[in-house]
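First up is the structure itself, then whatever we jot down about it.
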Amino acid sequence: EKTEEFISEIKDTGILILSGLAYGVDVLAHKTALDNGLQTVGVVAHGLDRIYPQIHDKVAKRMIGQGGILTDFMSGTNPDAVNFPKRNRIVAGLCDALVVIESKRGGGSLITATIAKSYNKDVFAFPGRAGEPLAEGCNGLIKQNRAVLIENAADLMYAMQWQEEEKKKK
């Protein structure tokens, strides 16, 4: 799995993993970050009085001790569909680099990528096999020059010049 491999490659960097605690890559990124000792923050599209999807409750509880859960919605706010693009603007605003690992055409991560670009954030995407539904979004971002193609964490570190910063700190 690309998500687990990518996060295990950055486990010694201190990078914070920020995502939406949604099904699929989001929750896998949070779980893998926790397992690798990285800080991780989930931005949710509802009040803090619940976790949606509820199946991610255990992961969310673990995240509180190793990052946290963030929202701009009041308690009692339901996870309505209109809230998710609003949540994505927070993810885009907080990140230094947005990495799209997989996305179908029209997936929510494409909304986040568009917002991130409008904020002058760096956007990266993993390419996928042509014709694969979960690769269409990433391939489209790359094809339209809306994301830089990366194949691993080293590509991200190089593009962001984070290796140089680490050498200077030492």
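The values are calculated or read from the model by the stated rules, or taken from the named source; none is laboratory data. All of these numbers come straight from a predicted model, not from anything done at the bench. To get the accessible areas, we keep the full protein, side chains included, count just its heavy atoms, and leave off ligands, DNA and RNA. Shrake-Rupley method; radii C 1.70, N 1.55, O 1.52, S 1.80 Å.
Brief remarks follow.
- R105 long-range amide H proximity, modeled H, under 5 Å: E136, G137
- Annotation: per residue accessible area for the range 20-170 equals 56 Å², rounded to a whole number [probe 1.4 Å, protein chains only].
- Where R89, R105 fall by accessible area, highest first, once all protein chains stay in place (1.4 Å): R105, R89
- In Hz, Karplus ³J(HN,Hα) per residue of the range 43-49 (6.51, -1.76, 1.60; θ = phi - 60°; x = Gly, Pro): 9, 9, 9, 6, x, 7, 7
- Accessible surface of D80, taken over heavy atoms with a 1.4 Å probe and every protein chain present, rounds to 80 Å².
- Amide hydrogen proximity for L21: with H placed 1.01 Å from N in the peptide plane, the residues at 5 or more positions away or on another chain lying under 5 Å are V43.
- Under 15 Å from the Cα of K31 - aspartates and glutamates, other chains or at least 8 residues apart: E1, E4, E5, E9, D57
- Structure-derived Rg and Dmax of the Cα atoms in Å - corresponding label in (1) 19.8, 62; (2) 15.6, 47; (3) 18.7, 59: (2)
- Long-range amide H partners of V148 with built H, under 5 Å: V123, F124, A125
- Atom-type composition of the exposed protein surface of the range 38-126 places 53 percent of the accessible area on carbon and sulfur (1.4 angstrom probe).
- Solution diffusion estimate, µm²/s, Stokes-Einstein, the range 1-102, Kirkwood Rh from C-alpha pairs, 10 °C, viscosity 1.306 mPa s: 117 µm²/s
- Of K86/K117; K121/K143; K11/K61; K11/K143; K11/K86; K58/K143, those spanning more than 27 Å from alpha-carbon to alpha-carbon: K11/K143; K11/K86; K58/K143
- Average Cα contact separation per residue, the range 54-163, under 8 Å, 6 or more apart, as relative contact order %: 20 percent
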